[in-house]
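The values are calculated or read from the model by the stated rules, or taken from the named source; none is laboratory data. Small disclaimer: the values here were computed from a predicted structure and weren't measured. Reconstructed Cβ throughout: ideal geometry from the backbone, glycine too, with neighbour counts over all protein chains shown.
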Amino acid sequence: MELYFRDNFFNSGTGDIMNEEGESAGALDLKTAFGSSLDVYDKTGTKVCAGHFPFFSNKWEITGEGERLLGVLRVRMSFLSKRFEYDAGDRGIYEITAPAFSQEYSIQDISGQTVAAFARTSSWLQSGAFCLQNDSSRLDSYELVAVVMGVHAIQKRQRSS
C-alpha cells in the first residue's frame with residue numbers, strides 16, 4: 001500500500017492521508033504546536049494508533065487501541081548514514097536507514113529484507129511531506145505512518161538542540 005501524508009508547518013492541526021489515487025485513506029492529527037504527539041485515523045475515522053515522546057525521553061512510542069504499546073522508535077549512532085531502530089515487540093526489530101544526505105529511507109527486518117520504504121517529498125522550505133510504500137505483512141501501514149512521523153520528530157528535535 002502506498003500512502004501520502006505531511007506534517008503541518010506549525011506542528012498542529014489535522015491533515016489527510018491519501019492513497020496513490022489521491023483519495024482520502026485516513027487522517028493525521030498533530031495534537032499541539034508545543035509538543036510532539038499525533039493520532040492516526042483510518043479511512044472510517046477510527047483512531048488506529050498514536051505516537052508521542054514520553055516525558056524526558058528521546059524515544060518515540062507508538063500505541064494502539066487501549067493505549068497498548070505497539071513499538072518504540074530510537075536513534076542509532078552512525079557516521080555516514082541516518083539510522084533508527086523500531087522495536088515492534090514480538091513482531092520484530094526493524095532498522096530504518098538512509099544515506100547521509102538522502103531523503104529516501106528503507107525499513108528492513110532482522111534478516112535484512114526490505115519490508116517498507118518512505119521518502120520525504122518536500123523541499124527544505126516546506127513542512128515535511130512523505131510517501132510511504134508498505135510491503136510488510138507484520139506492520140500496519142497506519143502504524144508505519146506514525147513511525148515515519150516519529151523519525152521526522154526525532155530529526156526536528158536533533159536540529160533544534
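Below is a table of values for the structure above.
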{"read-out": "Any hit, region 126-138, residues being closer than 25 Å to MET77 by Cβ and out of contact with any strand residue (DSSP E or B) (no Cβ under 7 Å at 6 or more places or on another chain)", "value": "no"}
{"read-out": "Test result for PHE5, modelled with pLDDT under 85 and on the phi < 0 side of the Ramachandran plot", "value": "no"}
{"read-out": "Pick from region 82-135, criterion part of a loop (DSSP other than H, G, I, E, B), out of contact with any Ser or Thr (no Cβ under 8 Å at 6 or more places or on another chain) and among the small types (Gly, Ala, Ser), ranking: modelled with the lowest pLDDT", "value": "SER123"}
{"read-out": "Those residues of region 43-68 which are touching a Ser or Thr at 6+ places or on another chain (Cβ under 9 Å), closer than 19 Å to LEU132 by Cα and not small (Gly, Ala, Ser), in sequence order", "value": "LYS43, CYS49, TRP60"}
{"read-out": "Residue tally, condition assigned to a strand (DSSP E or B), more than 14 Å from the chain's Cα centre (by Cα) and without any contact (Cβ under 8 Å) to a residue 60 or more places away in the chain, over region 24-72", "value": "4"}
{"read-out": "Residue that is modelled with the highest pLDDT [pool: residues in region 22-36 that are in contact with a helix residue (DSSP H, G or I) (Cβ under 9 Å, 6 or more places away or on another chain) and over 12 Å from LEU3 (Cβ atoms)]", "value": "LEU30"}
{"read-out": "Whichever residue in region 80-97 is out of contact with any Phe, Trp or Tyr (no Cβ under 6 Å at 6 or more places or on another chain) and hydroxyl-bearing (Ser, Thr, Tyr) and, among such residues, is surrounded by the most Cβ atoms within 10 Å (Cβ to Cβ)", "value": "THR97"}
{"read-out": "Subset of region 103-138 that is β-branched (Val, Ile, Thr) and closer than 22 Å to PHE5 by Cα - its residue that is surrounded by the most Cβ atoms within 10 Å (Cβ to Cβ)", "value": "ILE107"}
{"read-out": "Total residues in region 11-25, condition aliphatic (A, V, I, L, M) and more than 13 Å from PHE130 (Cβ to Cβ)", "value": "1"}
{"read-out": "Whichever residue in region 57-81 is of a type in the set (A, V, I, L, M, F, W, C) and at pLDDT 95 or above and, among such residues, is nearest to ARG138 (Cα to Cα)", "value": "LEU70"}
{"read-out": "Conditions (1) exposed (fewer than 14 other Cβ atoms within 10 Å of the Cβ); (2) in contact (Cβ under 8 Å) with a residue 24 or more places away in the chain: number failed by ALA100", "value": "(2)"}
